[in-house]
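Taking it in order: structure first as structure tokens, then the write-up.
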Amino acid sequence: MGKIIIVGATKGGVGKSVSTYNLAYSLASVGKKVLAIDFDSQANLTTCFGVEDTAAVPVTIGHLMMAQIDDEELPDPSEYIMNRNGVDFIPSSMVLSAVDAKLRLEMGAERMLANILEPLRDLYDYLVIDTCPALGALTINALAAADGVVITVNPQLLAMMGLQEFLRTIKKIKSRINPKLEVEGILLTMCEARTNLCKVISEQVTETFEGQIRIFESKIPSTVKVGESVYYSEPLLEYAPQTKACKAYLDFGKELIGYEGKSA
Ligand SMILES: Nc1ncnc2c1ncn2[C@@H]1O[C@H](COP(=O)(O)OP(=O)(O)O)[C@@H](O)[C@H]1O
Ligand SMILES: [Mg+2]
């Protein structure tokens, strides 16, 4: 049965989408069957996968959520699961922002995404979810569906701010809705090698969470290759396989799943 992992944070611009995208390919490169789910109405992950006009996609995660909320039957997975270079994904679009508004009016609607993903678990080894930055109804749905959370932290963006609040929310979801939920660890992204900041922040994060939360050994360096790869809708493994950032995402993927086999 596949494991569901969300990549989250209460901030935007911390590398959630880029990390979800490259993590999906890192896991695929060690032979895992992966489904990536774009759970942000901005649909950055969907764009990474090469979908140019997200408004034109007939069935997105927003449509599935709407159907689920209205107790309608979901379409066959073949109608909404897309594939790009060996990784399956469920696209998103602006429809998801209407879902966000609707969820706030619904009672007990925390498990809508979980209900959509549960039947898909058997088809994959890992299901990775990209989330939106707000700690609202959508993120709560994602946390209710997940087994694990990877928290991305960008040292350049006052890393610690909002982190404690996010952790408190995770704790509440775990005790009230989803007892299997665990924090997998903190992934430091956009570490600027030329400055000391990444080192200082990782020490600060380590000090604060020592013994409580794992800080992944693999830290993602800041590089223009990331922006370029997103622009060309290619994962780092294709666009810039020799870069440190690509290797860091490969190592991170292995670290996350405790993979000890040979590199692909
Ligand atoms: N390692 C990196 N090096 C340089 N730029 C990066 C890196 N990771 C992400 N970015 C850029 O930072 C911006 C925010 O990343 P993104 O993954 O979209 O964050 P989020 O999903 O948390 O909002 C994007 O423009 C992305 O291309
Ligand atoms: Mg994003």
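Pairing residues of segment 7-21 that are near ligand 2 (Cβ under 9 Å from one of its atoms) with residues that are open to solvent by 20 Å² or more (accessible area, probe 1.4 Å), at Cβ distances under 6 Å and at least 6 apart in sequence or on separate chains, gives 12/133; 15/190; 17/44; 18/226.
Looking only at segment 102-120, which residues are among the β-branched types (Val, Ile, Thr) and part of a loop (DSSP other than H, G, I, E, B)? Explain how you work it out, then say what you get.
Kept after step one, since they are among the β-branched types (Val, Ile, Thr), are these residues of segment 102-120: 116.
None; the set is empty.
Close Cβ contacts (under 8 Å, 6 or more residues apart or on different chains) running from residues in segment 122-133 that are of a type in the set (Asp, Glu) to residues that are away from ligand 2 (no atom under 11 Å from the Cβ) and modelled with pLDDT under 95 comprise 122/1. Screening 108, 185, 136 for residues that are at pLDDT 90 or above and at positive phi leaves exactly one candidate, 185.
Quick check: is even one residue across segment 34-44 within 15 Å of ligand 2 (Cβ to nearest atom), surrounded by 16 or more Cβ atoms within 10 Å (Cβ to Cβ) and in a helix (DSSP H, G or I)?
First pass over segment 34-44, keeping only residues within 15 Å of ligand 2 (Cβ to nearest atom): 36-44.
If we keep only those that are surrounded by 16 or more Cβ atoms within 10 Å (Cβ to Cβ) as well, we get 36-44.
So of that shortlist, the ones also in a helix (DSSP H, G or I) come out as 44.
For segment 34-44, residues within 15 Å of ligand 2 (Cβ to nearest atom), surrounded by 16 or more Cβ atoms within 10 Å (Cβ to Cβ) and in a helix (DSSP H, G or I): present.
Can you find a residue that is open to solvent by less than 30 Å² (accessible area, probe 1.4 Å) and in a loop (DSSP other than H, G, I, E, B) anywhere in segment 61-79? No, segment 61-79 contains no residue that is open to solvent by less than 30 Å² (accessible area, probe 1.4 Å) and in a loop (DSSP other than H, G, I, E, B). Condition check for residue 103 on (1) crowded, with 16+ Cβ neighbours inside 10 Å; (2) under 16 Å from the mean Cα position of the chain (by Cα): one failure, at (2). For segment 220-254, a residue qualifies if it is over 16 Å from residue 17 (Cα atoms), among the acidic types (Asp, Glu) and surrounded by 18 or more Cβ atoms within 10 Å (Cβ to Cβ), and exactly one does: 251. Just a yes or no: is a residue in segment 12-33 over 19 Å from residue 239 (Cα atoms), more than 15 Å from ligand 1 (Cβ to nearest atom) and not small (Gly, Ala, Ser)? So far as segment 12-33 goes, yes, one or more of its residues are over 19 Å from residue 239 (Cα atoms), more than 15 Å from ligand 1 (Cβ to nearest atom) and not small (Gly, Ala, Ser). Filtering segment 121-128 for residues that are of a type outside the set (Asp, Glu), over 30 Å from residue 211 (Cα atoms), assigned to a helix (DSSP H, G or I) and open to solvent by 10 Å² or more (accessible area, probe 1.4 Å) leaves a non-empty set.
The values are calculated or read from the model by the stated rules, or taken from the named source; none is laboratory data. Given the structure is predicted, the values throughout are model-derived calculations rather than measurements. A quick note on method: Cβ atoms are made from the backbone with ideal geometry, for glycine too, and the neighbour counts reach across all protein chains shown. Accessible surface is based on the protein model in full, side chains and every heavy atom, while ligands, DNA and RNA are left aside. Shrake-Rupley method; radii C 1.70, N 1.55, O 1.52, S 1.80 Å.
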